[in-house]
Structures are given as C-alpha cells and as structure tokens.
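The values are calculated or read from the model by the stated rules, or taken from the named source; none is laboratory data. Only a predicted model underlies this, so the values are computations on that prediction, with no experimental measurement involved. Neighbour counts are summed over all protein chains in view; Cβ atoms, including those assigned to glycine, are modelled from backbone coordinates with ideal geometry. SASA here: full protein model, heavy atoms, side chains in, ligands and nucleic acids out. Shrake-Rupley method; radii C 1.70, N 1.55, O 1.52, S 1.80 Å.
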Amino acid sequence: MSTALPQVLDVGQIEQLAAQVAGAARVMSTASDDALDRWSRLPEVFEVAGAEGAHLLLDQPNAAAQEFATVLLAASRLLDDYAMYVFAALHLRRASLAERIAAVSATTARSTRSTLTSNASVAISRRQRRAWLAT
C-alpha cells in the first residue's frame with residue numbers, strides 16, 4: 001500500500017494549456033475568415049464560365065470553423081476556471097491532508113515509543129523480580 005498522496009495537476013500548466021487552446025481558436029478563426037475573404041474576392045479578378053457561385057463554397061466550412069473556434073474558446077475559459085477554482089482548491093485540500101497525516105503519524109510514533117518504553121520497563125521489572133526471587 002502506497003502512503004504517498006496523489007499528485008494534483010499544476011495550476012500553471014492548466015493555465016498554459018488554456019492559453020494554447022485559446023490561441024489555436026484565434027488562429028483558426030482568423031485563418032478561416034482570411035480564406036473566406038480571399039476566396040470571395042476571386043470573382044473580381046478571375047472569371048470561369050459556369051463557376052459563378054464557386055466563391056460561396058467556403059461559406060459552410062467557414063461557419064463550421066467559426067463554430068469550432070467558439071467551442072475551443074469556451075473550453076479555454078473552462079480550463080481557466082478549473083485552474084483558478086477547482087485545482088487551486090485541490091492543492092489546498094491536499095496540503096491540509098498532508099499536514100493532518102503528518103500530525104497523526106507523529107502522534108502515533110510518540111504513542112508507539114511510549115508503549116515500547118512501558119513494555120520494556122515491565123519486562124525489566126519482571127526480570128528483576130525473578131532475579132530477586134531466585135536469590
């Protein structure tokens with residue numbers, strides 16, 4: 001049986017992950033908007049017979065990318081909230097538990113030493129009594 005307390009994720013690492021997720025969402029949103037903008041300007045400089053509506057083909061992928069970016073930003077906020085409240089509280093609870101375990105261990109160790117000392121003195125007393133009785 002392990003006596004080590006489980007580790008709690010580092011709050012800084014969770015915040016770093018949240019920042020990376022938010023950054024990815026911003027990059028995706030910007031890239032998708034930029035692609036849509038450039039694609040929609042294509043008919044201004046390039047015409048192909050029968051492809052008049054082609055510039056509309058990126059509308060749905062852009063909407064999906066924007067929706068995904070929104071979900072990523074929500075996940076980033078959730079990670080930030082968990083880092084700030086949940087994992088910070090877990091760190092405090094873990095530290096408190098470690099202190100309680102140390103206090104109980106110290107008390108148990110003192111009690112054990114006291115019992116051993118008491119048992120040793122009883123054993124000596126019995127030996128002394130036998131020695132006296134033998135003489």
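With the condition kept exactly as written, say whether any residue in the range 63-79 is at pLDDT below 90 and among the hydrophobic types (A, V, I, L, M, F, W, C). Within the range 63-79 (the criterion being at pLDDT below 90 and among the hydrophobic types (A, V, I, L, M, F, W, C)), the answer is no, since none of the residues qualifies.
Please go through the range 81-101 and pick out each residue that is more than 30 Å from residue 22 (Cβ to Cβ), of a type in the set (A, V, I, L, M, F, W, C) and open to solvent by less than 60 Å² (accessible area, probe 1.4 Å). First the steps, then the outcome.
Taking the range 81-101 and keeping what is more than 30 Å from residue 22 (Cβ to Cβ), we get 96-101.
Keeping just the survivors that are of a type in the set (A, V, I, L, M, F, W, C) gives 97-98, 101.
Scanning the range 81-101 gives a single hit, 98.
Looking across the range 1-27, the residues that are at pLDDT below 95, open to solvent by less than 60 Å² (accessible area, probe 1.4 Å) and in a helix (DSSP H, G or I) come down to 11, 12, 14.
The residue that is farthest from residue 70 (Cα to Cα), among those in the range 28-56 that are part of a helix (DSSP H, G or I) and of a type in the set (D, E, K, R), is 44. Residue pairs whose Cβ atoms lie under 7 Å apart, separated by 6 or more positions or on different chains, with the first residue in the range 28-53 and open to solvent by less than 100 Å² (accessible area, probe 1.4 Å) and the second not in a helix (DSSP H, G or I), do not occur.
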